[in-house]
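Remarks on the structure that follows.
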Amino acid sequence: MKYFALLFLISGITFTSAIRSESKRWTVNSGKVYFKSESSLETITGEGMTVSGWVDGKSKQIYIEVNLKDLKTPNRLQTSHLHDNYLETGLYPLAIFSGSVSEIKEQGEVKATGSLELHGKKKENVSLTGNLKKDSGSLELLSYFTIKLEDYNIQVPQLLIMKINPEIQVKVKLSLISE
């Protein structure tokens, strides 16, 4: 009987915790975006730290935007080429993901489906997964995914086709706080 009472108590705490998370609106407090193009000739890495957005636990909607003008590589010339020749951040300064979240928990895997807009092109039905972890009042989200350059009309000059992978690996780390 004690076992069932304990099991019931644990289930109640878990359920209550999930409901509390689901009914909140979470805002991006800080974030980082990392990217990597790995080819046989060269590996290009970079990062950006200007990320904003929110997740609404009640409506299960998500909106995340990344200021692409903030992206930097370790090489100043590569950064310049990234902004001027590929992402054209003067014309398309933001990458935006908006959609819905399947379930918001304080721990574990979370899935989102929506649209990703990059380089002036919006791709629908993009599915992303991430891992949520509660950390002293905030939620930490870590997500890995791949972006195909051709999906967003990002052209790579023929001379550089061996240096730039047409599939870019992306890692996103967000810290979300409850409003």
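Laboratory data are not the source of any read-out in this text; all were calculated from the coordinates shown. This is a predicted model, so every value here is computed, not measured. When we count neighbours, we look across all protein chains shown, and the Cβ atoms used for this are built from the backbone with ideal geometry, even at glycine.
Considering only residues in the range 135-163 that are out of contact with any Ser or Thr (no Cβ under 8 Å at 6 or more places or on another chain) and assigned to a loop (DSSP other than H, G, I, E, B), the one that is farthest from His83 (Cα to Cα) turns out to be Ser136. Scanning the range 55-80 for residues that are under 17 Å from Lys105 (Cβ atoms), touching a Ser or Thr at 6+ places or on another chain (Cβ under 9 Å) and not β-branched (Val, Ile, Thr) returns Gly57, Lys58, Ser59, Lys60, Gln61. Of the residues making up the range 122-143, those that are surrounded by 12 or more Cβ atoms within 10 Å (Cβ to Cβ), out of contact with any Lys or Arg (no Cβ under 6 Å at 6 or more places or on another chain) and polar (S, T, N, Q) are Asn131, Ser138, Ser143.
Conditions tested, residue by residue: (1) in a loop (DSSP other than H, G, I, E, B); (2) in contact (Cβ under 8 Å) with a residue 12 or more places away in the chain; (3) touching a Pro at 6+ places or on another chain (Cβ under 6 Å); (4) not acidic (Asp, Glu).
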site: Thr79; (1), (2), (3), (4): no, yes, no, yes
site: Leu82; (1), (2), (3), (4): no, yes, no, yes
site: Glu88; (1), (2), (3), (4): yes, yes, no, no
site: Gly99; (1), (2), (3), (4): no, yes, no, yes
site: Ile104; (1), (2), (3), (4): yes, yes, no, yes
site: Lys111; (1), (2), (3), (4): no, yes, no, yes
site: Lys123; (1), (2), (3), (4): no, yes, no, yes
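Residues that are of a type outside the set (Ser, Thr, Tyr) and loosely packed, with under 15 Cβ neighbours inside 10 Å within the range 37-46 comprise Glu38, Leu41, Glu42, listed in sequence order. For Ser136, the stated conditions do not hold, so it cannot be described as free of Cβ contacts under 8 Å to residues at least 60 places away in the same chain and within 15 Å of Phe35 (Cα to Cα).
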